[in-house]
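For reference, the structure is listed below as structure tokens.
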Amino acid sequence: MSRPQLLTPQEKLADAKKLLSLPRIVVICGSTRFMTEMNEADLQETKAGKIVVKPGCDMKTPHELWSELVEAEALKVRLDDLHRAKIRLADEVLVVGDYIGDSTRAEIAYARSLGKPVRFTHPEVDPDA
């Protein structure tokens, strides 16, 4: 007698999304210097019927939540972890902006390692093109 094949967490998530009839989920990545462009991409993707997740804060803009250096460094680590979770949740990635820094490059590599399709607002900056 054969044993049932266990589903991977990714397969379970995909099945749950189908059962819930969820629209595609797109995560926006890129330097927070492009927050205005990210907001515009959010608008366009939402208009296209997608669920959009993106960075929730811009640590380059002064704020009391990250005014202390030690707290800011710890928050940056937590936000990076949170963004990787958004990438795992998403069906696809949209990279915004005409510049790719180290963090965004790492996010692209992570998304591709998971088999997520990656689109660019500026395809010429694709590090793998």
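For the residues ALA41, ALA111, ALA72, ALA129, the requirement of being surrounded by 18 or more Cβ atoms within 10 Å (Cβ to Cβ) and touching a helix residue (DSSP H, G or I) at 6+ places or on another chain (Cβ under 8 Å) singles out ALA111. In this structure, VAL27 does satisfy being open to solvent by less than 40 Å² (accessible area, probe 1.4 Å) and either out of contact with any helix residue (DSSP H, G or I) (no Cβ under 9 Å at 6 or more places or on another chain) or modelled with pLDDT of 95 or more (or both).
Please pick out the residue among PRO117, PRO55 that is out of contact with any helix residue (DSSP H, G or I) (no Cβ under 7 Å at 6 or more places or on another chain) and without any contact (Cβ under 8 Å) to a residue 60 or more places away in the chain. One residue alone meets the criteria, PRO117.
In the stretch 15-27, the residue that is nearest to ALA90 (Cα to Cα) out of those that are free of Cβ contacts under 8 Å to residues at least 12 places away in the same chain and not charged (D, E, K, R) is ALA16.
Going by the structure shown, is LYS12 open to solvent by less than 50 Å² (accessible area, probe 1.4 Å), of a type in the set (Lys, Arg) and either touching a residue at least 12 places away in the same chain (Cβ under 8 Å) or in a helix (DSSP H, G or I) (or both)? In short, no.
Residue by residue, here is whether (1) surrounded by fewer than 17 Cβ atoms within 10 Å (Cβ to Cβ); (2) in contact with a Phe, Trp or Tyr (Cβ under 9 Å, 6 or more places away or on another chain) holds:
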{"site": "ILE51", "(1), (2)": "yes, no"}
{"site": "ARG78", "(1), (2)": "yes, no"}
{"site": "ASP81", "(1), (2)": "yes, no"}
{"site": "LYS86", "(1), (2)": "no, no"}
{"site": "GLY97", "(1), (2)": "no, yes"}
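If you go through the stretch 54-69 one residue at a time, how many are buried (at least 16 other Cβ atoms within 10 Å of the Cβ) and either of a type in the set (Gly, Ala, Ser) or at pLDDT 90 or above (or both)? Total meeting the criteria: 2. Where residues in the stretch 12-27 are among the hydrophobic types (A, V, I, L, M, F, W, C) and in contact with a strand residue (DSSP E or B) (Cβ under 9 Å, 6 or more places away or on another chain), which of them is farthest from GLN44 (Cα to Cα)? So, considering only residues that are among the hydrophobic types (A, V, I, L, M, F, W, C) and in contact with a strand residue (DSSP E or B) (Cβ under 9 Å, 6 or more places away or on another chain), the one farthest from GLN44 (Cα to Cα) is LEU22.
The values are calculated or read from the model by the stated rules, or taken from the named source; none is laboratory data. The model shown is predicted, which means the values in this text are computed figures rather than measured ones. Cβ coordinates were reconstructed from backbone atoms using ideal geometry, including for glycine residues, and neighbour counts include every protein chain displayed. SASA here: full protein model, heavy atoms, side chains in, ligands and nucleic acids out. Shrake-Rupley method; radii C 1.70, N 1.55, O 1.52, S 1.80 Å.
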